[in-house]
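The values are calculated or read from the model by the stated rules, or taken from the named source; none is laboratory data. Just so it is clear, the model here is predicted, and its values are computed rather than measured. Cβ sites come from the backbone with ideal geometry, for glycine too, and all protein chains shown count toward neighbours. SASA here: full protein model, heavy atoms, side chains in, ligands and nucleic acids out. Shrake-Rupley method; radii C 1.70, N 1.55, O 1.52, S 1.80 Å.
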Amino acid sequence: MSDPGAGTGAASDGQLGLLLACFAGRKTAGKARRSLETQLRAQGDELLDTVVLEIDEKHKASVHDPRRILWGTVSAALVWGLCGAAGADGVWSVLFWAAVGAVGGVLILYYSLHHSTKSELASIGSGLPAQSSALVVSAATKDPRRLLEAAAVQRPTAASLAAIGGDLTTHVFAGPADPVELPPDSADELRGDSTLVSMVILRYPPADSVLEVEMMIRRDSDGSRHVSDPYFGVKALAKSEMLWWGGFGLVLGALGGAVGGGGILGFIKGGVWTAIAWGIAGLGVGALYGALFGKAFSARRLKGIGSLLTPGTSLLMAWVDRASPLTESALDAYVTPGSQRLVLNFNSGEGGAVLEAT
């Protein structure tokens, strides 16, 4: 059992602090993000991930990670600009294709590169006020309640924090100005009617796992850390980008071969060879995206929460929307001897959403 003073900085090792701050105004969370992140870094907290949630006037929800969008756009612009350098128009070719890459990078990263499904976004949007927004910030910290104090400066309509200790014991605090610790839910059900979405965290003892998971964090016996993501990791994005780039190259090459006077033969040859070349380029770009931007956070950034990942253990993180059954029996399939479990519910309430641990 962790120290009851888990939220007061009494722990000798860093804890995982998960902050949920809700705001009035669709763009307010995005505007508050940079200032909040700056303050957290200044007070010694190590940011792991930040997600911005926006709800429009029709209760449609969208999520994005500003860090991924920035660096992913820059990388796409550089890669496509280098491809343009092979063109015959010199600097204009570079600028044109760099712009194409930048626009494509923004669209892909903003609308596609996130773990939230349509049903999860629909569930979140239906339970939060129209024209509102929220920040979900995870950080390694010695004093989790400092995250709430930093959020109070941004004047959220609702704010709560889950302080997760090394043994997954969790303390939840609500209220940015004067944080109050909330008791854990004692109900038989893992979540209530007001739950919008749930985060499930499972930690396994040293053993080989046959589970296919969305996000797996592993620490080897020698202490090295690994973060794998079967959907947006190196392998998955390399395969996806290879197909997209190959298809785009096929169209461009075929059109170029036909326009160049090669007729049907030029159309076929141009398309095939360009598709192969661009597919290989896409393979490299996808691997780069997966390594740098696909995963929510890198293994290097987990150093501050070492107690959550003792050598030889692994951690599974997943999201479950309220349309899917979340019961003890549903989770039994993921339980192994010695494993531990934490369920965090995001419950709708006055002014936004509030965290609850079960």
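Structure summary
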| quantity | calculated |
| --- | --- |
| Tally, over region 306-315, of residues that are farther than 16 Å from L48 by Cα and surrounded by 16 or more Cβ atoms within 10 Å (Cβ to Cβ) | 2 |
| Some residue of region 222-236 being open to solvent by 40 Å² or more (accessible area, probe 1.4 Å), at pLDDT 90 or above and over 20 Å from the mean Cα position of the chain (by Cα) | no |
| Neighbours by Cβ (under 6 Å, 6+ apart or cross-chain): first from region 31-43, assigned to a helix (DSSP H, G or I); second open to solvent by 50 Å² or more (accessible area, probe 1.4 Å) | none |
| Residue within region 7-19 that is part of a helix (DSSP H, G or I), under 15 Å from A163 (Cβ atoms) and at pLDDT below 75 present | yes |
| Positions within region 12-33 being open to solvent by 40 Å² or more (accessible area, probe 1.4 Å) and touching a Pro at 6+ places or on another chain (Cβ under 8 Å), in sequence order | A24 |
| Strands (runs of 3 or more DSSP E) completely within region 136-187 that count 3 or more residues being more than 21 Å from D49 (Cα to Cα) and open to solvent by 30 Å² or more (accessible area, probe 1.4 Å) | 180-182 |
| Exclusive hit being open to solvent by 90 Å² or more (accessible area, probe 1.4 Å), in contact with a helix residue (DSSP H, G or I) (Cβ under 9 Å, 6 or more places away or on another chain) and modelled with pLDDT under 70, set W71, W92 | W71 |
| Conditions (1) outside any helix (DSSP H, G or I); (2) at pLDDT 70 or above; number of the one not met by A296 | (2) |
| For I217: the one exception among (1) under 23 Å from the mean Cα position of the chain (by Cα); (2) at pLDDT 70 or above; (3) open to solvent by 20 Å² or more (accessible area, probe 1.4 Å) | (3) |
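Table: residues versus (1) at pLDDT 85 or above; (2) among the aliphatic types (A, V, I, L, M); (3) in a strand (DSSP E or B); (4) open to solvent by less than 40 Å² (accessible area, probe 1.4 Å).
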| position | (1), (2), (3), (4) |
| --- | --- |
| V320 | no, yes, yes, yes |
| S324 | no, no, no, no |
| L331 | no, yes, no, yes |
| V335 | no, yes, no, no |
| R341 | yes, no, yes, no |
| F346 | yes, no, yes, yes |
| V354 | yes, yes, yes, no |
